[in-house]
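The values are calculated or read from the model by the stated rules, or taken from the named source; none is laboratory data. Every value quoted in this text rests on a predicted model; they were computed, and no experiment measured them. Neighbour counts run over all protein chains shown; Cβ positions are idealised from the backbone, glycine included. Ligands, DNA and RNA are excluded from the accessible area calculation, which covers all protein heavy atoms including side chains. Shrake-Rupley method; radii C 1.70, N 1.55, O 1.52, S 1.80 Å.
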Amino acid sequence: MKLVTYSRNQSVSCGIITGEGLIDIPSVWQGPNPPRSIKEILQKGLDCLGRLAELSGSTDILTPLEQVKLLAPIPRPGKVIALAGNYSEHIKEAGLALGLSDSPRNTTVPRPFLMPATVVIGPDEKIPWPTYSEQIDYEIELAVIIGKKAKHVEPGSALEHVAGYTICNDVSARSVTFKKNRKARPWDEFYDWLNGKWADGFLPMGPYLLTKDEVAEVQNLAMQLKVNGEARQEANTSQMIYPVADIVSFLSYIMTLEPGDVIATGTPSGVAMATGRFLQPGDTIECTIEKLGTLTNKLSQEPAQFYEPLAE
């Protein structure tokens, strides 16, 4: 199923996309207490998903897609976790700054970092240009949506805790204006990089959550990112250093994963940091992953003034 969060007439609801249109879940739900968000669907568990699968083939109450605005499938996740350096070629193009061993899957572990929920926006929303950076980059990534609580799970059972998948664009600020006049300290470069991931609207996500039963092999999905129609990133999820099952398992030993949590699984090569071709105001970024559709967003205009806290 393709599950969506959407707005219509100033109200927000959840639905199922079919070939004929959109089914509004609360409207067609049989019985009391209909789920009113994808997160609530996931919290209700497999029985709820099963009832929705039955609904998707038994109703003719449909809304044309052009009458609604799709939002991020999980507009405000409880946790957003992303991976740094999960594709070898991306590590190489970054000048090996992230490190790369001869056999990373066997000799190293994933490098996760957290992002605030305010990074999430939906399809066709403008990406705000933050006031603290002059260089904006793009990163197509497969996003994993957790469907069942995961704590200390092994790789062999990790996918049982996954609800489905969507697309995200891990937009990145590659420079920070607050570096000016700053006294150098250990770890400054790391925190600058991390701050560059936290801006509002820096994780566009969507257009829908595809349930995992419709993805036969998550480690064999073609990926492509275009800027103004020009291909910049082309890869396959088979190139991940750590596959989805390993990522979910590893994270479950660090923290409890809960329904609706989002994991961005890393980006392949082709980012602007390597070429110097950073995004420009008004650029259109299209992220496509096989089976998951296309996520499209535009970058907003540059701020009239940048933030320089140590400016004299």
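Of note:
- Of TYR242, THR59, SER175, farthest towards positive along the dipole that unit charges on Lys, Arg, Asp, Glu beta carbons give the chain: SER175
- Folded to 0 to 90 degrees: helix 46-56 orientation relative to the chain principal axis, Cα: 70
- Note on LYS298: aspartates and glutamates with a C-alpha under 12 Å away, same-chain residues under 8 apart excluded, are ASP124, GLU125, ASP283, GLU286.
- Ellipsoid equivalent to the range 219-312 - semi-axes via the Cα gyration tensor, in Å: 29, 22, 13
- If you count Lys pairs in the range 19-100 whose Cα atoms are under 26 Å apart, skipping same-chain pairs closer than 8 places in sequence, the total is 5.
- Accessible surface of the chain, 1.4 Å probe, proportion on carbon and sulfur as whole %: 49
- Solvent-accessible surface of the chain, taken per residue with a 1.4 Å probe and all protein chains present: 46 Å².
- Put TRP193, TRP187, TRP29, TRP198 in order of accessible area, highest first, and with a 1.4 Å probe you get TRP187, TRP198, TRP193, TRP29.
- Among GLY19, GLY147, GLY260, the largest mean-square fluctuation in a Gaussian network model of the chain, built with springs joining Cα atoms closer than 10 Å, belongs to GLY19.
- The range 107-174: radius of gyration over Cα atoms, expressed as a fraction of 2.2 N^0.38 Å: 1.41
- Distance from the range 260-278 to the range 180-246 (C-alpha centre basis), Å: 4
- With q set to 0.12, 0.14 Å⁻¹, the log10 of I(q)/I(0) for the chain, from the Debye formula over equal scatterers at the Cα positions, is -0.80, -1.07.
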